[in-house]
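Input: a single structure, listed below in structure tokens.
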Amino acid sequence: MSRGRLIAFEGGEASGKSTQAARLAAERRAVLTREPGGTALGGAIRRLVLDPAVSVSPWAEALLMAADRAQHVAEVIAPALARGDDVVTDRYIPSSLAYQGYGRGLDKSALHRISAWATGGVDADLVVLLDVPPAVAAARLEGRDRMEAAGAEFHARVSEGYRALAADDPDRWVVVDGEGSVDEVAARVRDAVDKWLASQS
Ligand SMILES: Nc1ncnc2c1ncn2[C@@H]1O[C@H](COP(=O)(O)OP(=O)(O)OP(=O)(O)O)[C@@H](O)[C@H]1O
Ligand SMILES: [Mg+2]
């Protein structure tokens, strides 16, 4: 049996990752999972890093994300790929590079090494980057205020980081316009994934 494929959704807050990951996973009958939090350990880590009462230094955050990812690969991703299932994950290694690397300014090659070590080299076969202008994301986030909490400049660095990562690795990344209705974006994602699959065979 051939190994399944790992497709990761990436992008800033409210770019539509969770919505589109669920759509694509349902269409392709793939295993749907997410980071942080795809496992019981990951759920606990997710609550910790999102808890405003818990202080987490940038490197501690990076290592907690790596611990989450190690468990996620061991418990969910690697077994699914080995049985031949495709996996769609809502965030993966690129989130660490974009948020901790570009956003917080941590050493990117160290982040790469930590992620590679934590995953045993299990990388995404395809990364779908959902691109939405900050104003659209802000409108979708209304009432949640998370964007404001972290600061516009931080989010601008994260977006720039994602664009740089996509430009560096065009065979493995597709940038999809995330504006428009859920159906419109889902159709763009489907086209992009189909094109990528055709290019692989
Ligand atoms: N194409 C769309 N048009 C309008 N609203 C959308 C669209 N896609 C998603 N939304 C809504 O915008 C919000 C954010 O979407 P979603 O949760 O999928 O984004 P996300 O990238 O997973 O965000 P987060 O980074 O916070 O997890 C949700 O309320 C969702 O219902
Ligand atoms: Mg989400």
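The values are calculated or read from the model by the stated rules, or taken from the named source; none is laboratory data. Fair warning: this is a prediction, and the values are worked out from it, not measured in the lab. Here the Cβ positions follow ideal geometry from the backbone for every residue, glycine too, while neighbour counts run over all protein chains shown. Keep in mind that these areas ignore ligands, DNA and RNA; they rest on the heavy atoms of the full protein, side chains included. Shrake-Rupley method; radii C 1.70, N 1.55, O 1.52, S 1.80 Å.
Around the Cα centre of segment 49-201, unit charges on the Cβ atoms of Lys, Arg, Asp and Glu (plus for the first two, minus for the last two) sum to a dipole of about 340 debye.
In whole percent, how big is the carbon plus sulfur part of the accessible area of the chain, probe 1.4 Å, protein atoms only? With neighbouring chains kept in place, the figure for the chain is 53 percent. In summary, no helical segment of the chain meets the span-like criteria, namely a full DSSP H run, a Cα extent along the axis of 20 angstrom or more and a mean Kyte-Doolittle hydropathy of at least 0.5. Rounded if a/c is under 1.5, else prolate if a/b beats b/c, else oblate: with a ≥ b ≥ c from the C-alpha gyration tensor eigenvalues square-rooted, which is segment 6-200? Note, shape of segment 6-200 comes out rounded. Think of a 1.4 Å ball rolled over the protein heavy atoms: segment 71-114 then has 37 Å² of accessible area per residue. Take segment 117-201 with all the other protein chains still there, run a 1.4 Å probe, and you get 58 Å² of accessible area per residue. Summing Lys, Arg as +1 and Asp, Glu as -1, what charge do residues with Cβ under 14 Å from the Cβ of GLY4 carry, GLY4 excluded? Value of the local net charge: +1. Applying a DSSP loop filter and a limit of 12 other Cβ atoms within 10 Å to the trypsin sites (Lys or Arg not before Pro) in segment 62-110 leaves ARG83.
Hey, what did the chain get for relative contact order, percent, Cα under 8 Å, at least 6 apart? In percent, rounded to a whole number, it is 31.
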